Amino acid sequence: MLCMEGLETATLIGVALFVGGGIAWRTRLPAPLVLLALGVVLGYVPVLGRVVLPPDLVLFLFLPALLYWESINTSVRELRRNLRVVLMSAIPLVIVTAAAVAGVGSLAALSWPVAIALGAIVAPTDATAVGPVTSRLPRRFRTTLRAESLINDGTALTIYAIAVSAITDHRDVDLGVGSLLFLGAYLGGIVVGFVTSLLARGARRLVRGQALLENTVSVLTPLVAYLLAEQVHGSGVVAVVTCGLILTHYSPRTISARTRAQARGFWQLASGLLNGALFLLVGLQAHRILDRLGGDPWPVLGLGLLVSLVVIVVRLAWVNTTPYLIRALDRRPIQRTLRVPARQRLVSGWAGFRGAVSLAAALALPPVPGYPRDELIAITLVVIVVTLVVQGLTLPAVVRFARMPADPTELEEERLAEQAMSDAGAGRLDAVAERLGTPADIVDRVRRQYEEMHAPRPDGSPRPPWGDGSEGELRRALIAKKREAVIRLRDEGRIDDTILRRMQDRLDIEELRLSPIAADD
C-alpha cells in the first residue's frame, strides 16, 4: 500500500509538472512562478497535501545535480573576465545581506544565532530560479548572474552551518572562529573540486568509447564532489562548481560526440524535471507551514514581508554603490571598458530571486527546543514567494527598460569559429582523402559542399544535409580536424565556451548522422 501511494504521488507530481510547464509555455509566465502557484493550489489535495520536501533530498541530490549542470554551461572565459563582479556578489553581498536580515531579526526579538541563521537562509539567490531568466540577456549578464548564483550558495550555507552549530550548542556566534571555518570551507571545496575533476577525467579515460559508462561517471561526479567536500567540512557547493568549471574546459577533447549528445539530452531533461519539481514541492509546503503557525500568522507574515523588502533593497543598493567604489580604487583603462550603466545594472539588482535552496535550509533547521523553527520556515517561504512574484513578473519590463545592448562579439566569434572549421576541413581534405583512398569525384563533391555549408547565411536557412555511403568515412575523418580548430580558438581566448559548445553541437550532429547506428542505440 505504501509503495502504491508513493507511485500515485510521483505520478501526480509528474502530471502537475507537465500541466504547469504547459501553462508557463502558453502564457509566457516564468515557469518557477507558475509551478509555485500550482503547488500552493495542489497542497489542498489530500494525497499531495501530505507530501513533505525532505531537506536532505534538496541539499544532497537536487542541489549538486543542478549546480553541476549550470557550471558546465558557464563560460569560463567570461567568468574570468568578470571574476571580480561575480565574487563581490557571491561573497560580500551575501554576508551583507545576511547581516542586514540578522539585524532586522534581532529587532524582532530573535536571538543573534537564530537571526544570523535566518539571514543566511534568505541571503543567496537561487541558480534554479535565475537560470531561466539568463537566457534572455547578453552573454556578460548571463555569465555574472549564473556564476553568482552558483557560488553564493556556498557562502550562505557556510554561514548557516556556523549559526546552526551555535544554536544547537546554546552559545553565541564566535566571529573569529566563524571566519576561519568560512575560509576553510571555501578552500576545502576548491581542493575537493579539483581532485574530483581529476578522478572524473581518469575514470572517463578508462571507459572511453563506452557512452553509457562515461555518462555514469558524469552523473556521479557532482554527487561525489559534494559528499567528499562535506566529509572534510568543506563547501559542497564550491566543490561541485569548481569541478564543473574544470571539466567544461577539458571535456571537449576527451568526450566523444555520441557520449556528449547522450549526456546533454540526459542533463537537460533531468535538470528541467528537478528544477520544476523543486518549485512545485515548495508550493506544496505552503499550506502545511501556514497551518503550523496557529490562529494568528500575521506577525510572522509581516516579518516575512519586511525581510523580503530588506533583501531586495540591499541588493539594489549593492549593485548601485560598489561599482563607484571600484571605479574610485581601480583607475586602469581596462576597468573603463567593463563599466555598466545604472539602467543596465538594474537588471542584475532585480534578478535576486530566492528559491528551493533557501526553503531546504530552513526545513533542515534542527528541532531544538526554545527557538521559533516554524516561524523561520514561514518567513523563508514568504521571501521566496515575494521575490518570485514581485521580481519575477516585473523582470521582463525591467529588461525592456534597461535597453540591454546586443553583444556584437558573440556573432563575430561565431563567424570566426565557422571560418576555422571550414579552413580545417578544406585544408586537410586532400591529405585525408589520399590516406583513405577516396575517389576524386567524391573529393570534389565534398569540397563543393564544404564551401556551401560554411558560407555565411544571413537568412538563417538550414545547412545542406549530409549524405551517407562512401563519403561518410571521409567526412568523419575531417570532423576531428574541424573540432580541434575550434577548441584551439577557445584555448587562445578568441572565442568563449558558449561559441565552442554551439559549434561542437553542430559537429556532433554531423558526426552522429554520418556514424553507423549500433544495435543498442
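Within segment 330-341, can one find any residue that is modelled with pLDDT of 85 or more, assigned by TED's automatic domain parsing to the domain that holds Ala277 and either surrounded by 22 or more Cβ atoms within 10 Å (Cβ to Cβ) or assigned to a helix (DSSP H, G or I) (or both)? No, segment 330-341 contains no residue that is modelled with pLDDT of 85 or more, assigned by TED's automatic domain parsing to the domain that holds Ala277 and either surrounded by 22 or more Cβ atoms within 10 Å (Cβ to Cβ) or assigned to a helix (DSSP H, G or I) (or both).
Go over the candidates Val232, Val207 one by one and state the one that is out of contact with any Gly (no Cβ under 7 Å at 6 or more places or on another chain) and not hydroxyl-bearing (Ser, Thr, Tyr). It is Val207. Can you find a residue in segment 316-323 that is crowded, with 16+ Cβ neighbours inside 10 Å, closer than 21 Å to Gly103 by Cα and in contact with an Asp or Glu (Cβ under 7 Å, 6 or more places away or on another chain)? No: zero hits.
Remark: pairs (first residue in segment 137-156, in contact (Cβ under 8 Å) with a residue 60 or more places away in the chain and on the phi > 0 side of the Ramachandran plot; second residue surrounded by fewer than 24 Cβ atoms within 10 Å (Cβ to Cβ) and of a type in the set (Ser, Thr, Tyr); Cβ separation under 9 Å; 6+ apart in sequence or on different chains) are absent. The residue list Thr259, Thr248, Thr242 contains one member that is β-branched (Val, Ile, Thr), in a helix (DSSP H, G or I) and more than 15 Å from the chain's Cα centre (by Cα), which is Thr259. Taken over segment 464-521, residues that are of a type in the set (Gly, Ala, Ser), at pLDDT 75 or above and either assigned by TED's automatic domain parsing to the domain that holds Leu245 or under 16 Å from Arg258 (Cβ atoms) (or both) amount to 1. Restricting Leu274, Leu280, Leu306 to those that are over 21 Å from the mean Cα position of the chain (by Cα) and either outside the structural domain of Leu206 (by TED's automatic domain parsing) or in a helix (DSSP H, G or I) (or both) reduces the list to Leu306. In segment 28-48, the residues that are assigned by TED's automatic domain parsing to the domain that holds Leu280 and within 15 Å of Gln391 (Cβ to Cβ) reach residues that are among the aromatic types (Phe, Trp, Tyr) and assigned to a loop (DSSP other than H, G, I, E, B) with C-beta atoms within less than 8 angstrom, at least six apart or across chains, in these pairs: Pro32/Phe353.
Return yes or no: is Thr216 in contact with a helix residue (DSSP H, G or I) (Cβ under 6 Å, 6 or more places away or on another chain), in a helix (DSSP H, G or I) and modelled with pLDDT of 90 or more? Against the criterion (in contact with a helix residue (DSSP H, G or I) (Cβ under 6 Å, 6 or more places away or on another chain), in a helix (DSSP H, G or I) and modelled with pLDDT of 90 or more), Thr216 does not qualify.
Quick check: anything in segment 273-282 surrounded by fewer than 17 Cβ atoms within 10 Å (Cβ to Cβ), modelled with pLDDT of 80 or more and within 30 Å of Ala65 (Cβ to Cβ)? Taking every residue of segment 273-282 in turn, at least one turns out to be surrounded by fewer than 17 Cβ atoms within 10 Å (Cβ to Cβ), modelled with pLDDT of 80 or more and within 30 Å of Ala65 (Cβ to Cβ).
Of all the numbered requirements in (1) surrounded by fewer than 15 Cβ atoms within 10 Å (Cβ to Cβ); (2) hydrophobic (A, V, I, L, M, F, W, C); (3) touching a residue at least 12 places away in the same chain (Cβ under 8 Å); (4) not in a loop (DSSP other than H, G, I, E, B), Ala406 misses one, and that requirement is (4). Looking at the structure I just gave you, is Val19 at pLDDT 85 or above and either over 19 Å from Val385 (Cα atoms) or not in a helix (DSSP H, G or I) (or both)? Spelling it out, Val19 is indeed at pLDDT 85 or above and either over 19 Å from Val385 (Cα atoms) or not in a helix (DSSP H, G or I) (or both). The set of residues from segment 283-300 being surrounded by fewer than 16 Cβ atoms within 10 Å (Cβ to Cβ) and not basic (Lys, Arg) comprises Asp291, Gly294, Gly295, Asp296, Trp298, Pro299. Counting the residues of segment 46-102 that are among the β-branched types (Val, Ile, Thr) and not in a helix (DSSP H, G or I) gives 5. Among the residues here, Leu416 qualifies as part of a helix (DSSP H, G or I), surrounded by 15 or more Cβ atoms within 10 Å (Cβ to Cβ), among the hydrophobic types (A, V, I, L, M, F, W, C) and not assigned by TED's automatic domain parsing to the domain that holds Pro32.
Of all the criteria given as (1) of a type in the set (D, E, K, R); (2) surrounded by 22 or more Cβ atoms within 10 Å (Cβ to Cβ); (3) at pLDDT below 80, the one not satisfied by Arg327 is (2).
Yes or no, residue by residue, for (1) farther than 19 Å from Arg288 by Cβ; (2) crowded, with 24+ Cβ neighbours inside 10 Å:
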site	(1), (2)
Ser358	no, yes
Ala361	no, yes
Pro367	no, no
Pro372	no, no
Leu376	no, yes
Thr387	yes, yes
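None of Leu35, Leu83, Leu63 is within 30 Å of Thr498 (Cβ to Cβ), within 18 Å of the chain's Cα centre (by Cα), of a type in the set (A, V, I, L, M) and surrounded by 16 or more Cβ atoms within 10 Å (Cβ to Cβ) except Leu63. Is it the case that some residue within segment 286-294 is without any contact (Cβ under 8 Å) to a residue 40 or more places away in the chain, in the same structural domain as Tyr186 (by TED's automatic domain parsing), of a type outside the set (Asp, Glu) and not in a helix (DSSP H, G or I)? The answer is yes; a qualifying residue exists.
Is it the case that segment 163-186 has a residue that's outside the structural domain of Arg502 (by TED's automatic domain parsing), touching a residue at least 40 places away in the same chain (Cβ under 8 Å) and under 19 Å from the mean Cα position of the chain (by Cα)? Yes: one or more hits. For segment 430-445, the criterion of being in a helix (DSSP H, G or I), loosely packed, with under 14 Cβ neighbours inside 10 Å and modelled with pLDDT under 75 is met by none of the residues.
The values are calculated or read from the model by the stated rules, or taken from the named source; none is laboratory data. Bear in mind that the values here come from a model prediction, so they are computed numbers and not experimental data. All Cβ positions, even for glycine, are placed from backbone atoms using ideal geometry, and neighbour counts span all protein chains on display.
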